[in-house]
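Right, one structure below, let's go through it.
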Amino acid sequence: MISLTSPVRTRAHDLPAALKLGALLVATVVLASISNLWFHGAVFLAVLGLYILPGRLFFSVGIRRLFILWPFVVGVLIWHFVIDAMAEGLVITMRMVSAVALANLVTMTTRLSDMMEVVHKLTSPFARLGLNLRALEICLALVIRMIPVLGQKGQLLSQSWRARSTRKPRWRIVLPLAVCALDDADRVAEALRARGGLMDLQEK
């Protein structure tokens, strides 16, 4: 697994995780509720500026992690071009990229343990109903950790395909990527079972 945190320390690292997650929630709601093309263009440029401010290394690492979105962007734009609704397609793609980019900024500037602490505080009332909070926290942490890992493996599969064929990989890497995901899930499950499993975890 790879770290999601930024190799460059910024001022955002010193902000409380709860504040950043709350701001992300508000920003996502605002992005979803407004459909003005110019608004989303301005937000997109503002988010791009947030990536540029900390320097070249931060920018390159952050943009590289967002590159996984390109098939969705291309697919949405092509579809809206076909149905003659490019303005709507641009709004959808900029909304998607801006929202994911903001979420990526939060993960790059926030330790996973701090985010899990916020989740723990928010879900602690449900412990009285029998919810295993430790298991929930571990599951969320695994999801956050494994998404970029699968993205990286998808890129490696694409590179391997290009090294052996002149055709573009496209859908052809879906099956091997699914096999990689299942294999990783099996290995993680074995590691958890070796440590007692999720169901036996209890609040301390």
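So the values come out like this:
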read-out: Enumeration of residues in the stretch 19-43 that are buried (at least 16 other Cβ atoms within 10 Å of the Cβ) and over 28 Å from A141 (Cα atoms); value: H40, V43
read-out: Selected residue (criterion: surrounded by the fewest Cβ atoms within 10 Å (Cβ to Cβ)) from residues of the stretch 129-154 that are under 21 Å from V100 (Cβ atoms) and among the charged types (D, E, K, R); value: R145
read-out: Counted residues, the stretch 83-102 - those being part of a helix (DSSP H, G or I) and open to solvent by 40 Å² or more (accessible area, probe 1.4 Å); value: 8
read-out: Candidates S6, S113 - the one that is in a helix (DSSP H, G or I) and within 30 Å of A191 (Cβ to Cβ); value: S113
read-out: Condition met for L105 (open to solvent by less than 60 Å² (accessible area, probe 1.4 Å), under 17 Å from L24 (Cα atoms) and in contact with a Gly (Cβ under 9 Å, 6 or more places away or on another chain)); value: yes
read-out: From P54, P16, P71, P7, residue being surrounded by 15 or more Cβ atoms within 10 Å (Cβ to Cβ) and at negative phi; value: P54
read-out: Inter-residue pairs, beta-carbon under 8 Å, first within 26 Å of W70 (Cα to Cα) and in the stretch 98-127, second outside any helix (DSSP H, G or I) and modelled with pLDDT of 75 or more, 6+ apart; value: T109/T10; T109/L15
read-out: Some residue of the stretch 54-67 being part of a loop (DSSP other than H, G, I, E, B) and either modelled with pLDDT of 80 or more or of a type in the set (A, V, I, L, M, F, W, C) (or both); value: yes
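The values are calculated or read from the model by the stated rules, or taken from the named source; none is laboratory data. Being a predicted model, the structure only gives us computed values, none of them experimental. When we count neighbours, we look across all protein chains shown, and the Cβ atoms used for this are built from the backbone with ideal geometry, even at glycine. Note: areas computed on protein heavy atoms with side chains; ligands, DNA, RNA excluded. Shrake-Rupley method; radii C 1.70, N 1.55, O 1.52, S 1.80 Å.
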